[in-house]
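Worksheet: the structure to be examined is printed underneath.
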Amino acid sequence: MPPLDRALFLDRDGVINVEKNYVHRIEDFEFVAGIFELCACACARGYRLVVVTNQAGIGRGIYTESDFQRLTQWMMVAFKQRGIDIARVYHCPFHPTAGIGEYRRESFDRKPNPGMLLRASDELGLDLSRSVFIGDKASDMAAGLAAGVGRLIQLAATGTAPTPAHVLRVDSVMAAAELLCTAPAALLPLNPHE
């Protein structure tokens with residue numbers, strides 16, 4: 001049986017695009033500096049790109065599933081035009097307290113739960129222990145830890161919250177790119193569940 005692929009999991013808001021609270025229109029979507037360089041070098045090093053994003057704005061009624069899908073297709077084309085293939089985008093529209101109607105519920109997909117990562121592993125044939133997750137929130141890191149993702153990197157340009165030993169904090173996507181593209185994998189901290 002061939003070995004499973006490894007992935008670079010990316011949160012969307014705050015990692016791929018600048019965090020602006022419920023971004024859902026193309027004209028408001030601003031790519032984070034260094035994201036294309038990060039993704040290009042990750043692909044060159046054999047990582048498949050997978051986006052995992054909470055989208056509670058859908059559940060709150062701020063925008064629709066169609067709005068999200070339209071923006072996602074535009075985003076994927078922007079990557080494709082630079083020779084970068086995003087394997088899949090997973091999103092969770094639910095919120096346990098602020099969701100409206102059918103969207104008001106707990107979900108195993110909503111980070112800090114690991115559902116989206118585990119589904120990606122099953123559907124795309126990924127080895128989570130050899131994968132990397134880059135996010136900007138503690139919930140991203142908690143989801144990665146719970147799923148057994150091997151290496152966790154948190155963008156932490158602001159804030160002074162203590163960093164768990166299994167999480168590597170960097171101050172920018174550019175710093176994450178430099179780390180992922182130049183550092184031997186052995187230098188990245190490992191998920192203690194490995």
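Laboratory data are not the source of any read-out in this text; all were calculated from the coordinates shown. Owing to the predicted nature of the structure, the values given are computational and were not obtained by experimental measurement. In this analysis, Cβ positions are derived from the backbone assuming ideal geometry, glycine residues included, and neighbour counts consider all displayed protein chains.
Some observations on this one:
- Taking R169, R25 and counting other C-beta atoms within 10 Å, the order from fewest to most: R25, R169
- For region 6-187, the antiparallel share of DSSP beta bridges with both residues in that region comes to about 5%.
- Net dipole in debye of the chain [+1 Lys, Arg Cβ; -1 Asp, Glu Cβ; about Cα centre; nearest 20]: 120
- Sorted largest first, the spans of the alpha carbon positions of region 30-121 along the three principal axes are 42, 25, 19 Å.
- For the chain, averaging the sequence separation of C-alpha pairs within contact (under 8 Å, six or more residues apart) and dividing by the residue count gives a relative contact order of 23 percent.
- Separation between Cα centres of region 1-49 and region 71-120, rounded to whole Å: 12
- Listed residue (F133, L118, L38) projecting farthest to the positive dipole end of region 6-187, Cβ model: L118
- Over the residues of the chain, the helix contribution to mean residue ellipticity at 222 nm works out to -9000 deg cm²/dmol, using -39500 (n - 2.57) for each DSSP H run of at least 4.
- Sorted ascending by nearby beta carbons within 10 Å, beginning with the fewest, T72, T182, T53 become T182, T72, T53.
- C-alpha long axis of helix 138-147 to longest principal axis of the chain, angle in °: 70
- Cross-link reach list, lysines versus K137, counting only Cα pairs under 24 Å and skipping chain neighbours closer than eight places: K20, K111
- N21 versus L124: modelled label distance in nm, points set 7 Å from Cα along the beta carbon direction: 3.1
- FRET E, pair Q69, E178, Förster distance 35 Å, beta-carbon r, rounded to 0.05: 0.60
- For M75, M174, M116, order by how many other beta-carbon atoms lie within 10 Å, fewest first: M174, M75, M116
- Helix 173-182 vs. the chain, principal-axis angle (Cα, 0 to 90°, nearest 10): 30
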